[in-house]
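Just so you know, all these numbers are worked out from the coordinates, no wet-lab data involved. Predicted, not measured: the structure shown is a model, and the values here were computed from it. A quick note on method: Cβ atoms are made from the backbone with ideal geometry, for glycine too, and the neighbour counts reach across all protein chains shown.
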Amino acid sequence: MQLKNSFIGLSVSILFFTACQTPQKQTQNPNSAVLPGFKLNTDKNVSVVSDLDGKIQSIQKNENGQYDVSVQTSRQSYLNNRIETNAYEMVYGNLSKIESTLILEQEVQRGTPIGTGTPDSYVTARSKTLLPFMVRLSERQPVKQNDFWYFSPDWMFSHKTDFLSFRPVPSFEEALKDFYHRWEVEKEEKKGFTIHHHPDLDRIRFSVKLNQYPKTLTETFSLTFTEKQFYGKENLFVFENKLDEFKISGYTPVIYWQSGFDKHLKEEYILKNTLYVYASIYTIDHEKKLILICARDFALSPDEKVIGDRINSLLKPQ
């Protein structure tokens, strides 16, 4: 089971979101609710382009005499041990005008011009149901207005963890065996280190119980090479957890953590409790006999519970 690469990157700088902490005003309803969203970094008369592939779902003139345009798209997520595909809309609001050729149901690609921005232009995401990926990845409280739930599209920022893009594995030990077995099948010589170019396959969420907090790592050439190969920079990972209890044929799995995660774990995690780790397994180091696991993030509860609790809270009568 593989997850199709559905990463949505931000468009050119004219559409880069500012770190605006104040949600934007909804402009289609005279009752004017406050919606979670981001102000677009645009000035008057600057072209606004779509940040994703999809189709034009709606074009509406709002109460301010400006335009709101929604682009319908979809994304895939791992949830409940299967891949789910969900359709949703990105709404670009407060445009002074729309492209003259723009029509409903029109297919657009990332970078397609959709209108002209104003200093008040913004973007938000919406769906008629509480989609699990929106509930999990949006950091702000969603707002229900008319037939839609509105969310801040935090998943569009590359520095935010896309939790549901990690394949959940029922057994960390079995996942390690599978990774090691793949190398054995390839029958490579036990020399230097082996990097597997299957990030989709090995981008996993697993549960583990740590016996100690991360320690400053012991540098290895295999880790440095892995950092440059997959992340484009060195010294990204600075702490490690060696998992001797999961050794496979003499190879020790090591979880590598980025700066700050030692502090976060000490503040939030109690040793020997279940920890959910989001990580990628890329490399086998034959000289040091290590299996390198590069952690992206962690959680104290599985995604399914986090999503369920949030949905129950949102639907609870006030």
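So here's what we get for this one:
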{"item": "DSSP-loop trypsin sites (Lys or Arg not before Pro) across region 51-138, with at most 12 other Cβ within 10 angstrom", "result": "LYS128"}
{"item": "Cβ-placed point charges (K, R +1; D, E -1), dipole of region 166-299 about Cα centre in debye, nearest 20", "result": "160"}
{"item": "Inverse of mean 1/r across different Cα pairs in region 13-158, Kirkwood, Å", "result": "15.3"}
{"item": "Scaled radius of gyration (Cα, divided by 2.2 N^0.38 Å) that region 166-299 gives", "result": "0.98"}
{"item": "Computed FRET value (nearest 0.05) for ARG140 with PHE221, which takes r as the C-beta separation and R₀ as 41 Å", "result": "0.45"}
{"item": "Structure-based [θ]222 nm, the chain - -39500 (n - 2.57) summed over DSSP H runs of at least 4, per residue, nearest 500", "result": "-5000 deg cm²/dmol"}
{"item": "Cα-based equivalent ellipsoid of the chain: semi-axis lengths in Å, sorted from largest, via gyration tensor", "result": "42, 21, 17"}
{"item": "Long pairs among LYS61/LYS144; LYS44/LYS128; LYS160/LYS266; LYS39/LYS160; LYS215/LYS247, criterion Cα-Cα beyond 25 Å", "result": "LYS44/LYS128"}
{"item": "Mean Cα-pair separation over length for the chain, i.e. relative contact order, pairs under 8 Å, 6 or more apart, %", "result": "14"}
{"item": "Cα-projected label distance for SER313 with GLN229, points at 7 Å along beta-carbon direction, nm", "result": "4.0"}
{"item": "Alpha-carbon centroids, region 48-70 and region 246-318: separation in whole Å", "result": "39"}
{"item": "Approximate spin-label separation TYR269-ASP178, in nm, with each point projected 7 Å along Cα-to-Cβ", "result": "2.2"}
{"item": "Sequence-separation-based contact order of region 13-158, relative, with Cα cut under 8 Å and 6+ spacing, percent", "result": "26"}
{"item": "DSSP beta bridges in the chain [antiparallel fraction, %, rounded to 5]", "result": "90"}
{"item": "Distance (nanometres) between label positions extended 7 Å along Cα→Cβ at THR85 and ASP43", "result": "4.3"}
{"item": "Unit charges on C-beta of K, R, D, E only; dipole of the chain, Debye", "result": "440"}
{"item": "Among ASN80, ILE204, SER313 the positive-end extreme of the charge dipole of the chain (Cβ point charges)", "result": "SER313"}
{"item": "Calculated FRET value between GLN212 and SER158, using beta carbons and R₀ = 35 Å, to 0.05", "result": "0.70"}
{"item": "Loop GluC sites (Glu not before Pro), region 66-114 (other Cβ atoms within 10 Å of the site Cβ: 12 or fewer; DSSP)", "result": "GLU105"}
